[in-house]
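The values are calculated or read from the model by the stated rules, or taken from the named source; none is laboratory data. Please read all numbers here as calculations on a predicted model, not as lab measurements. Here the Cβ positions follow ideal geometry from the backbone for every residue, glycine too, while neighbour counts run over all protein chains shown.
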Amino acid sequence: MTDVLAMMNSALASGAVRVVDLTHTLTEDFPTIVLPPEFGPSAPVRIEQISRYDAAGPSWYWNNLSFGEHTGTHFDAPAHWFTGRDCPRGTVDTMPVEHMIAPACVIDCAAESTTDDDFLLTRATLNAWEAAHGTIPAGSWVLMRTDWSQRKGAAFANLRADGAHTPGPDAEAIRWLVHERGILGFGTETIGTDAGQGGHFDPPYPAHHYLHGAGRYGLQCLTNLHELPPKGALVMAAPLKVHEGSGSPLRVLALVTGEEERT
Amino acid sequence: MTQERPRKNPLHRTRQPLLPPGGRSRKAHLLTAAAAEGRFALPRCGACGTYSWPMVEACPDCLSADITAAEAPSGAVLLSQTSAEVPADPYFRERAPWRVGLVQMDCGPVALVHLHPEPQAGERLRLTLMLDRAGQGVLHAGPENGGDMSTDKQWQEMTADPRGRRVLITDARHVAALPLARKLAAEGAAGIFMGLPESWKPLENRAAFEAVQGLRFVPLDLASDRSVEDLARAIGGKVEILINTADHPRPGGLMAPAAVTHTRACMETVAFGLMRLARSFGPALAGRGADGGEGAPGAVAWVNVLSVFARATSPEMAGYAAAHTAALSLSHSLRAQLGGGGVRLMTVLTGPTEDDWFQLAPQPKVTGKALADAVVGGLMKGLEEVVVGDVARDLMARLAENPKAVERDLAAGRL
């Protein structure tokens, strides 16, 4: 039997398989989800120096690190949403490790999102994608590419008087992906898996509602999705093993076939 | 707004802060307390009512030891004046000539006072009890009709006039931030740095801020080490007055579901934020207390705008009150450390402000403009303690009289 791992090893060494980092650097000023202030807020990311080869520690450099589970590039577990509260192994410490490596389908919505901050991914777009690339396989990530990760600060959060305006899936599209295609999870480049105005959809926050209700996952604040092919990338998304954690910041990597291999 | 602030000669050594002689008796600090609040008080005998100056341990008339600092009439007549051209004390030597006068107070005592440049012997005066750069209560005499204090270098030495100075306001999202900027610009501040936390969130009245001459936004989030340190690296040496308006009001009692979360966030900004500011901006301010020259005065004041709940806890604002109490405590430590550089720390305790967070608080609430006027007024009088709004003043008076009654009132939801 062929040694798959040995093949993978040599493919990585030769560049036949490339590693793409889909993660933003975890910084203090990266926007986080904004809720009405009567709700408990997420702690922001804080990196506080303990010592840096100075009087507080002459030979060593280290920091205290603190953050909410849903900050930076992060993972949503089923238990994050009320619909997923009864899912077995629904927290990041108990979820199956096999789910941490899975293929990805990338739906390119960059052009539409450039002209429409509230662009919604619909069944029509998904049908067109399947017509071009085949059926979305069960157990795969669906990643919505919007190039939103190119934005910074206020433009990224895009908050207005009536809330955030960022692209996302409409309710029917995400319900269909979860229940008709059996996807593993849904990933976005924006702060949430839902559109910025998703709280006004039916059901409210449909991506959270359907994904987590069915024991599936979310990934948000991804970057570099433009480096992935529509189909064929392998995503490695392993959240921190936080006790009963609802999610966590994480390093998301994708393995893609090198340019020369693809052509 | 004044004309462009003259630039420093980089070849000259920055003048190091010196302080006027600071020794005072424990009893004399009764006058320090009055001066810190801007009250005119003199030592008075409780037995016979005789006023005296300076502070005495026993009444010069009846020898009673019942001496307090009591409100007194502030009128006086100038008996004689002189100018100290070559004082022996290093602080006064640097600032010579220093004009002093011998005055006959309407209420009796004769005193040697710091004297405004205008009054001549025989003229009526108005006395002010104020804090000198060492934080001690001293008497200043100016013209009876008020006079032009901007020409009085001695008055300017003891106050914190924003004219010609650059001011950092730490949080644009505070209700008083915009009125403060406008007031400071009107009083001739040389520039206003307006701290903006989480700049990725909209600032509703940004255009109004941008219309204030000399104002520029700077990124500043007191809850972040990096943010505070970066700003201090950039402008730490260009701030002569720092006004800390950062706040995080979240109503809720101790048993509210997210009480700890909200309180932690409040502590991060109000208490730890003050520590971060002190660590990063404190040394630069304290080191520049005697910096500057004609038209470019040096560092002079640090203002902490805090809630009166720092002194009396409202159970419905439990975490908020705790954070402000912590900040008030830190404020006292900071005062001691800045004092060595002659930089004054002014604590402004405000009653509930006119904004959404204090929607349920009873009127009269403090408007942003009233708070701004109190801050700038306090700076121009060189105060250390300012209480703003009828609610806060009433609360402080009741606290002085009967703290337990205040505790019971607040427990019952009565402010």
Q) So, of the residues in region B:245-256 that are within 14 Å of another protein chain (Cβ to nearest Cβ) and under 30 Å from B:GLY378 (Cβ atoms), which turns out to be surrounded by the fewest Cβ atoms within 10 Å (Cβ to Cβ)? A) B:PRO251
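If I filter region A:13-26 down to residues being within 14 Å of chain B (Cβ to nearest Cβ) and surrounded by 11 or more Cβ atoms within 10 Å (Cβ to Cβ), which single residue comes out as farthest from A:LEU219 (Cα to Cα)? Can you show your working first?
The initial filter retains those residues of region A:13-26 that are within 14 Å of chain B (Cβ to nearest Cβ), namely A:24-26.
Subsequent filtering for residues that are surrounded by 11 or more Cβ atoms within 10 Å (Cβ to Cβ) retains A:24, A:26.
Numbers: A:HIS24: 12, A:LEU26: 15 Å.
The extreme case among them is A:LEU26.
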(Q) Among the residues that make up region B:8-25, is at least one of them farther than 18 Å from B:ALA141 by Cβ, touching a Gly at 6+ places or on another chain (Cβ under 7 Å) and not in a strand (DSSP E or B)? (A) yes
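Residue check: is B:ALA336 farther than 28 Å from B:ALA284 by Cα and part of a helix (DSSP H, G or I)? Working first, answer last.
Values: farther than 28 Å from B:ALA284 by Cα: no; part of a helix (DSSP H, G or I): yes.
Here the answer is no, as B:ALA336 does not meet what is asked.
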Q: Count, please, the residues in region A:33-42 that happen to be more than 9 Å from chain B (Cβ to nearest Cβ) and β-branched (Val, Ile, Thr).
A: 1
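Given the residues B:GLY135, B:GLY147, which is the only one that is more than 28 Å from B:PRO17 (Cα to Cα), away from chain A (no Cβ under 14 Å) and assigned to a loop (DSSP other than H, G, I, E, B)? Reasoning before the result, please.
Values: B:GLY135 fails: more than 28 Å from B:PRO17 (Cα to Cα).
Result of the check over B:GLY135, B:GLY147: B:GLY147.
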Q | Matching residues, region A:171-188, being part of a loop (DSSP other than H, G, I, E, B) and surrounded by fewer than 19 Cβ atoms within 10 Å (Cβ to Cβ) | A | A:GLU180, A:ARG181, A:GLY182
Q: Identify the residue in region B:257-276 that is at pLDDT below 95 and outside any helix (DSSP H, G or I) and, among all such residues, is nearest to the other protein chains (Cβ to nearest Cβ).
A: B:ALA258
Q) Is region B:208-215 home to any residue that is over 21 Å from B:THR159 (Cβ atoms), within 14 Å of chain A (Cβ to nearest Cβ), in contact (Cβ under 8 Å) with a residue 24 or more places away in the chain and more than 22 Å from the chain's Cα centre (by Cα)? A) no
Q) Checking B:GLY340 against (1) surrounded by fewer than 19 Cβ atoms within 10 Å (Cβ to Cβ); (2) away from every other protein chain (no Cβ under 14 Å); (3) under 20 Å from B:SER224 (Cα atoms), which single condition isn't satisfied? A) (3)
(Q) Regarding region A:48-61, can at least one residue be identified that is within 9 Å of chain B (Cβ to nearest Cβ) and of a type outside the set (Asp, Glu)? (A) yes
Q: Could you tell me whether region A:212-228 includes any residue that is β-branched (Val, Ile, Thr), closer than 25 Å to A:MET95 by Cβ and touching a helix residue (DSSP H, G or I) at 6+ places or on another chain (Cβ under 6 Å)?
A: yes
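Looking at this structure, is B:ALA286 in a helix (DSSP H, G or I) and either within 29 Å of B:GLY214 (Cα to Cα) or not assigned by TED's automatic domain parsing to the domain that holds B:MET346 (or both)?
On the way: in a helix (DSSP H, G or I): yes; either within 29 Å of B:GLY214 (Cα to Cα) or not assigned by TED's automatic domain parsing to the domain that holds B:MET346 (or both): yes.
Judged against the criteria, B:ALA286 is a match.
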(Q) Return the pair list, or none, for Cβ contacts closer than 8 Å from residues in region B:4-29 that are free of Cβ contacts under 8 Å to residues at least 60 places away in the same chain to residues that are of a type in the set (Val, Ile, Thr), at least 6 apart or on different chains. (A) B:LYS27/B:ILE67
Q. With (1) without any contact (Cβ under 8 Å) to a residue 60 or more places away in the chain; (2) buried (at least 17 other Cβ atoms within 10 Å of the Cβ) as the list, and A:VAL92 as the residue in question, which single condition is left unmet?
A. (1)
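Hey, can you tell me all the residues within region B:139-153 that are touching a helix residue (DSSP H, G or I) at 6+ places or on another chain (Cβ under 8 Å) and crowded, with 20+ Cβ neighbours inside 10 Å? Walk me through how you get there before you give the answer.
Step one: of region B:139-153, the residues touching a helix residue (DSSP H, G or I) at 6+ places or on another chain (Cβ under 8 Å) are B:140, B:142, B:149-150, B:153.
If the condition is that a residue be touching a helix residue (DSSP H, G or I) at 6+ places or on another chain (Cβ under 8 Å) and crowded, with 20+ Cβ neighbours inside 10 Å, then B:HIS140, B:GLY142 are the ones that fit.
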Q: Please indicate, with yes or no, whether at least one residue in region B:78-98 is part of a strand (DSSP E or B), within 17 Å of B:MET158 (Cβ to Cβ) and under 25 Å from the mean Cα position of the chain (by Cα).
A: yes
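Report the residue count in region A:190-230 for those that are among the acidic types (Asp, Glu) and either modelled with pLDDT under 95 or part of a helix (DSSP H, G or I) (or both). If you could, list the steps in order and put the result at the bottom.
To start, the set of residues in region A:190-230 that are among the acidic types (Asp, Glu) comprises A:194, A:202, A:227.
Now narrow it down to the ones that are either modelled with pLDDT under 95 or part of a helix (DSSP H, G or I) (or both): A:227.
Of the residues in that region, 1 qualify.
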Q: Scan region A:71-95 residue by residue and report those that are closer than 10 Å to A:TYR217 by Cα, in a helix (DSSP H, G or I) and of a type in the set (A, V, I, L, M, F, W, C).
A: A:ALA79
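Looking only at region B:46-74, which residues are free of Cβ contacts under 8 Å to residues at least 40 places away in the same chain and in a strand (DSSP E or B)?
B:THR68, B:ALA69, B:ALA70, B:GLU71
Among B:LEU231, B:LEU222, B:LEU242, which is the only one that is at pLDDT 95 or above, away from every other protein chain (no Cβ under 11 Å) and in a strand (DSSP E or B)? Let's see the steps before the verdict.
Details: B:LEU231 fails: in a strand (DSSP E or B); B:LEU222 fails: in a strand (DSSP E or B).
Exactly one of B:LEU231, B:LEU222, B:LEU242 is at pLDDT 95 or above, away from every other protein chain (no Cβ under 11 Å) and in a strand (DSSP E or B), namely B:LEU242.
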Q.
Would you confirm, using the coordinates I've provided, whether A:THR32 is within 27 Å of A:ALA237 (Cβ to Cβ), without any contact (Cβ under 8 Å) to a residue 24 or more places away in the chain, assigned to a loop (DSSP other than H, G, I, E, B) and of a type in the set (Ser, Thr, Tyr)?
A. no
Q: Hey, can you tell me all the residues within region B:294-350 that are among the aliphatic types (A, V, I, L, M) and without any contact (Cβ under 8 Å) to a residue 40 or more places away in the chain?
A: B:ALA310, B:ALA321, B:LEU328, B:ALA336
Q. Given (1) outside any loop (DSSP other than H, G, I, E, B); (2) within 14 Å of chain A (Cβ to nearest Cβ); (3) under 20 Å from the mean Cα position of the chain (by Cα); (4) among the charged types (D, E, K, R), where does B:ARG182 come up short, assuming only one miss?
A. (2)
Q: Confirm whether A:TYR217 is away from chain B (no Cβ under 14 Å), touching a residue at least 40 places away in the same chain (Cβ under 8 Å) and surrounded by fewer than 24 Cβ atoms within 10 Å (Cβ to Cβ).
A: no
Q. Condition test on B:PRO352, is it crowded, with 23+ Cβ neighbours inside 10 Å and on the phi < 0 side of the Ramachandran plot?
A. yes
